[in-house]
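Down below is the structure, laid out as structure tokens.
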Amino acid sequence: MPLPPGVVVVVLERPPGVAWSIRLTTSAAHNARAWRQFFGVKALRDVTLDQLNGKRDQLDRTAYRRALHVISENDRTRQAAER
């Protein structure tokens, strides 16, 4: 049975002992779903640095560095806006 237009199925599976690899695709929606599944948040912008570091050992290096960049830039922007 075909899926309705606009419906995407994302399957996240991690064998025991293997780090998560959040694979970036051309679709931001796919990435948002992956981060939402992994962190239990609406979007990566809702993840704190403490949450990211708490799961660092479960992410591959590339996924960690990309998430760190997003979270750090969001924090920097918020701090600048508060001045």
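Among the residues of the range 46-55 satisfying the criterion of being exposed (fewer than 14 other Cβ atoms within 10 Å of the Cβ) and not hydrophobic (A, V, I, L, M, F, W, C), which is farthest from VAL70 (Cα to Cα)? Quick ask: steps written out before the conclusion?
Of all residues in the range 46-55, those exposed (fewer than 14 other Cβ atoms within 10 Å of the Cβ) come to 48-50, 53-54.
The next check asks that each one be not hydrophobic (A, V, I, L, M, F, W, C); those that pass are 48, 50, 53-54.
Values: THR48: 10, ASP50: 14, ASN53: 13, GLY54: 16 Å.
Within the range 46-55, the match that is farthest from VAL70 (Cα to Cα) is GLY54.
May I ask you to say which residue of LEU59, LEU44, LEU49 is hydrophobic (A, V, I, L, M, F, W, C) and out of contact with any Ser or Thr (no Cβ under 8 Å at 6 or more places or on another chain)? Before the answer, list the steps.
Values: LEU59 fails: out of contact with any Ser or Thr (no Cβ under 8 Å at 6 or more places or on another chain); LEU49 fails: out of contact with any Ser or Thr (no Cβ under 8 Å at 6 or more places or on another chain).
Just one listed residue meets the conditions, LEU44.
Can you spot a residue in the range 39-59 that is in a helix (DSSP H, G or I), aromatic (Phe, Trp, Tyr) and modelled with pLDDT of 85 or more?
Yes - at least one qualifying residue is present in the range 39-59.
Out of the residues in the range 22-38 meeting the condition of being surrounded by 14 or more Cβ atoms within 10 Å (Cβ to Cβ), modelled with pLDDT under 75 and touching a helix residue (DSSP H, G or I) at 6+ places or on another chain (Cβ under 9 Å), tell me which one is nearest to LEU68 (Cα to Cα).
Checked the range 22-38; the qualifying residue nearest to LEU68 (Cα to Cα) is ILE22.
The values are calculated or read from the model by the stated rules, or taken from the named source; none is laboratory data. Source: prediction; values computed, not measured. Every residue, glycine as well, gets a Cβ built from its backbone with ideal geometry; the counts of neighbours run over all protein chains shown.
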